1. Which one of these does residue 116 not meet: (1) in contact with a strand residue (DSSP E or B) (Cβ under 9 Å, 6 or more places away or on another chain); (2) surrounded by fewer than 13 Cβ atoms within 10 Å (Cβ to Cβ)?
2. Specify the residue that is modelled with the highest pLDDT; the eligible residues are those in the range 45-87 that are under 18 Å from residue 129 (Cβ atoms) and open to solvent by 70 Å² or more (accessible area, probe 1.4 Å).
3. Filter the range 65-106 down to the residues that are in contact with a His (Cβ under 9 Å, 6 or more places away or on another chain) and in contact (Cβ under 8 Å) with a residue 40 or more places away in the chain and list them by number.
4. Tell me, yes or no, whether the range 137-159 has at least one residue that is over 17 Å from the mean Cα position of the chain (by Cα) and surrounded by 16 or more Cβ atoms within 10 Å (Cβ to Cβ).
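The values are calculated or read from the model by the stated rules, or taken from the named source; none is laboratory data. Please read these numbers as outputs of a predicted model, since none were measured by experiment. Here the Cβ positions follow ideal geometry from the backbone for every residue, glycine too, while neighbour counts run over all protein chains shown. Surface accessibility is based on the protein's heavy atoms, side chains included, excluding ligands, DNA and RNA. Shrake-Rupley method; radii C 1.70, N 1.55, O 1.52, S 1.80 Å.
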Amino acid sequence: MRRMPEGWAGPAIDILPDSGSRKRIRLPVWLLAGLGLVTAGLAGQHPPTYQPRQLDCGVYRQELRATVLLESGRQRTEEHTGRHSRLMVTARAGDSSITIEARIDSLLVWREGSGERLSPETDGVIGARYLGRLSPRGSFTVLDTPFVPDEVQDIMDLR
């Protein structure tokens, strides 16, 4: 099991709920403090916590794009990679944590470069389950990740 350290809620990810509004979630607490987004008015109060009802029955659309620069000697190549996916999320309360289950509802991954576009078949990943435990303060423990075929994993890390 992989575990994120306390006070870290994961890397920043753009999430587009089906309503179309953009949300940025899962920023590290130390970064929020460094940006001045955690105010002194919160001193002495309990930190915010997660509740299952905030996370249950969520449908999220992810759109990720990246540029990959490859350099070898004097040769330089630029490639682009991306993912469009839709995740269905459920949350169940445990004794002291929340069990999060996310399933891939739709998925498209691709890589473009040198005049070619690779976009492998992703049907084997549809319905794949990610399972984890979220503490009330935001630390996340991965309990299970799905099998991802090599041709998909080579283009986009889904584990």
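1. Exception for residue 116: condition (1).
2. Of everything passing the filter in the range 45-87, 86 is modelled with the highest pLDDT.
3. We begin by selecting, within the range 65-106, every residue in contact with a His (Cβ under 9 Å, 6 or more places away or on another chain); these are 65-68, 106.
Answer for the range 65-106, where residues must be in contact with a His (Cβ under 9 Å, 6 or more places away or on another chain) and in contact (Cβ under 8 Å) with a residue 40 or more places away in the chain: just 68.
4. No, because not a single residue in the range 137-159 is over 17 Å from the mean Cα position of the chain (by Cα) and surrounded by 16 or more Cβ atoms within 10 Å (Cβ to Cβ).
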